[in-house]
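Just below is one structure, and these are the notes that go with it.
The values are calculated or read from the model by the stated rules, or taken from the named source; none is laboratory data. Worth saying up front: this structure is predicted, and the values here are computed from it rather than measured. FYI the Cβ positions are ideal-geometry reconstructions off the backbone, even for glycines, and counts take in every protein chain you see. Protein only, heavy atoms only, side chains kept; ligands, DNA and RNA dropped before computing areas. Shrake-Rupley method; radii C 1.70, N 1.55, O 1.52, S 1.80 Å.
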Amino acid sequence: MTASITASAVRPAVVRRRTAARRWLSRIPYAVLAIYAAVAVAGPLLVDYNPIQTDLANRLLKPGAHLSSGGTAWLGTDGLGRDIFAQLVYGARTSVLIGVSTVVVSAVVGTAIGVTAGYFRGWLDTVLSRGIDILLAFPAILLAIVIAGSFERSVVVVVGALSATAWISFARVTRGTALSVRERAWVDAARVLGVKRRFILIRHVLPFTAGPVVALATLEFALVVLAEAGLSFLGIGLPPSAVSWGQTIANGKQYLATAWWISGLPGLALSLLIVSIGILGDQLTARFGRGQLR
Amino acid sequence: MLEVRDLDVSFGRARRRFKAVDGVSLTVGPDETLGLVGESGSGKTTVARVVVGLVKPDSGDVLFDGKPLGPVGRRPASLQRAVQMVFQDPRSSLNPRMTVSAVIDEAWRTHPESAPTGDRTAGLHQLLDDVGLDATVARHRAGELSGGQCQRVSIARALAVKPRLLVCDEAVSALDVSVQSQILRLLVDLQQRHHLSMLFISHDLGVVHQIADRIAVMRRGVLVEEGVATDVLSDPQHEYTRSLLDAALELTKES
């Protein structure tokens, strides 16, 4: 304690510069995510791309090469002559769309189940908790593969298959919060007053799960985006007419030695997104995740 | 008015089951304050929680005007609001995210028949004034208030539904001494004005002495002594009461 006080007294300028730098660094993930969001929303309006249209004359072009039509393939083309940059832009939209809808679906379902189990306890909690344990014993991606594989490929099926396991973490976290909040005197006070159970849940328990749920949502978003790419890579995710980073990576796997950019660039885009969300998630967990009540 | 007969409550299961309350009977008459004292773990809080319906007794009757008080949620609305409680921890007895006006409004929405006719804002200000709070407090979130203010709001919430019996479970124990005496004076004052009966639970004989008409002493789940406050305090019959009194006197001497 004394040491740090002396140090900051001796070198205040250095310390100040360091905290300023840290603050600046901590904003990078926000900037990265803002760029992804902007690309996902606005990109497809500016860039024209049709995944079914092939251009074999311009196949496997390096990044920055000239197209026979006179344009430039800034990030190269794939084995069927399709532009990689356009695939990244359209793929960003797919990833964000699937990620957000899966997280929303699983957060709503998981929170509803978790809060109910934690608040009412008893046999309901036992049944739900044991059900969750059974689901947890099953590898998440395997369950998603089974579900996605047994239906026709579509966005709804992918969201459903990914939500089938993603809700579990939300249920577990919110169950814990509900278990501790229900012991608070304000819940007892509301019961003594005669407030209806659904209002107690909504007004006195649910708001306190918001912090942990938001922190968890970011982490789940990263996992979902990754899992979607995995499903599409395996050919059981989105239909071929949709553009997904997973499909682009899969398309490039036979050219890894000769044309690294087909798999490499979408892989890079995916990694950067996951890492940024991960850092953001850690920041949110540090701020809200500990179940702080205020 | 309130009658508790042969109350048995136990917690835990099978071999680890223990009796928290063992055959306790007591009554609280109209406009009367019964002080329930005992050391921590003596079962007095459990008695309070049974009376308001938060804990289900193993056996025994809890009657209000001769009618049985069931568990919370199963009581008819008129009985539900007739018995209200003020809790020990002032901070956690209010939802920290709700404003004071939302807390009171919830009580009124739950029991519309107790809400003021006409302007609710005026009614709210009147209620806050009754418990010695400024009208500006209404806008604040419970999380921003001091302990004493929180306890006043808790009392206001209980009074909002016009109860007939107020159960105070260590309602002043978590407050510092000066605030303690303010809240005690407030409770005495409100009791007289609103014709409340009170079940006042405390481990502190000095506090009970200031507010109770009659005193009941509990030890290890059993009622050991009961009587008019002045008698119990001046001439305790049970040795446990005597030791409690001695302990309280020693503290007074030291301070």
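Some observations on this one:
- About the Cα centre, charge dipole magnitude for the protein assembly as shown (Lys/Arg +1, Asp/Glu -1 at Cβ), debye: 1840 debye
- Within straight-line cross-link reach of residue A:62, lysines at Cα separation under 23 Å, skipping those fewer than 8 residues along the same chain: A:253
- Over the stretch B:2-254, accessible surface divided per residue gives 46 Å², non-protein components excluded, 1.4 Å probe.
- Straight-distance candidates among the lysines for linking to residue B:67, with alpha-carbon spacing under 20 Å and chain neighbours fewer than 8 residues away dropped: B:56, B:162.
- Modelled spin labels at residue A:183 and residue A:138, positioned 7 Å past Cα toward Cβ, are 3.3 nm from each other.
- The overall shape of the stretch B:106-214 is oblate: from the C-alpha gyration tensor, with semi-axes ordered a ≥ b ≥ c, the ratio a/c is 1.5 or greater and a/b is no larger than b/c.
- Per-pair calculated FRET efficiency, R0 = 56 Å: residue A:196 and residue A:254 via Cβ, rounded to 0.05: 0.35
- Prolate/oblate/rounded label for the protein assembly as shown (Cα gyration tensor, a/c 1.5): prolate
- Dipole magnitude for chain A: about 1480 debye, using +1 per Lys or Arg Cβ and -1 per Asp or Glu Cβ, origin at the Cα centre.
- Loop chymotrypsin sites (Phe, Trp or Tyr not before Pro), the stretch A:70-177, which have at most 13 other Cβ atoms in a 10 Å radius of their Cβ (DSSP): A:74, A:151
- Zone residues, the stretch B:53-93, relative to residue B:3, backbone N less than 16 Å from point 7 Å out along Cα-to-Cβ: B:60-70
- Between residue B:114 and residue A:53, the C-beta separation translates, for a Förster distance of 45 Å, into a calculated FRET efficiency of about 0.05.
- Taking label points 7 Å from Cα along the Cα-to-Cβ direction, residue B:129 and residue B:228 give a separation of 3.9 nm.
- Accessible surface buried by the B/A pair amounts to about 1900 Å², both sides summed, 1.4 Å probe.
- Prolate/oblate/rounded call for chain A, Cα gyration tensor, a/c under 1.5 rounded: oblate
- Considering only B:76, B:100, B:238, the residue lying farthest towards the positive end of the dipole of the stretch B:2-254 is B:76, judged by Cα position with unit charges set on Cβ.
- Accessible surface, per residue, of the stretch A:30-289 when the full set of protein chains is kept, probe 1.4 Å, Å²: 47 Å²
- Threshold 20 Å² - residues in the stretch A:155-198 whose accessible area is reduced by that much or more when the chain is no longer isolated, probe 1.4 Å: A:185, A:186, A:188, A:189, A:191, A:192, A:193, A:194, A:195
- Treating r as the C-beta distance of residue B:235 and residue A:123 and R0 as 45 Å, the FRET efficiency rounds to 0.25.
- Rounded percent of accessible protein surface that carbon and sulfur make up, chain B, 1.4 Å probe: 48 percent
- Among A:118, A:230, A:256 the positive-end extreme of the charge dipole of the stretch A:30-289 (Cβ point charges): A:118
- The angle between the Cα long axis of helix A:155-181 and the longest principal axis of the Cα atoms of chain A comes to about 30 degrees, rounded to the nearest 10.
- Given charges at beta-carbon only (K, R positive; D, E negative), |dipole| of the stretch B:1-142 in Debye: 940 debye
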